[in-house]
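Novice: One structure, as structure tokens, below. Some questions next.
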Amino acid sequence: MNLDQALSSVNGQLIDLINHKEGDAFTYPTAIAIVKRDHALHPFVVWRAIDPSRSGNDPFFESGNYYETLAEALTDSRI
């Protein structure tokens, strides 16, 4: 699932994409995404990119930690 698909699946808005490879629109093997999703509880989530490309699969985003505020999300240990 690429980033656009992942965002669409949670009706989310990308706040920041950290450590991505510049110019690589569909794969983010090192990326951490901070997302605001349409959810009453813990609307901010930090996703990690998983790159299984060595096995021939497409990279995808794994849900991570959920937060009440953007300030809390920015303190995630993966960032």
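Novice: For the range 25-49: of the residues being open to solvent by 90 Å² or more (accessible area, probe 1.4 Å) and among the aliphatic types (A, V, I, L, M), which is modelled with the highest pLDDT?
Specialist: 41
Novice: Name the one entry in 62, 22 that is under 13 Å from the mean Cα position of the chain (by Cα), charged (D, E, K, R) and either modelled with pLDDT under 90 or surrounded by 15 or more Cβ atoms within 10 Å (Cβ to Cβ) (or both).
Specialist: Residue meeting the stated conditions: 62.
The values are calculated or read from the model by the stated rules, or taken from the named source; none is laboratory data. Since we're looking at a predicted model, the values are computed, not measured. For neighbour counting, all protein chains shown are included, and Cβ atoms are generated from backbone atoms with ideal geometry for every residue, glycine included. Areas reflect the complete protein model, heavy atoms only, side chains present, ligands, DNA and RNA absent. Shrake-Rupley method; radii C 1.70, N 1.55, O 1.52, S 1.80 Å.
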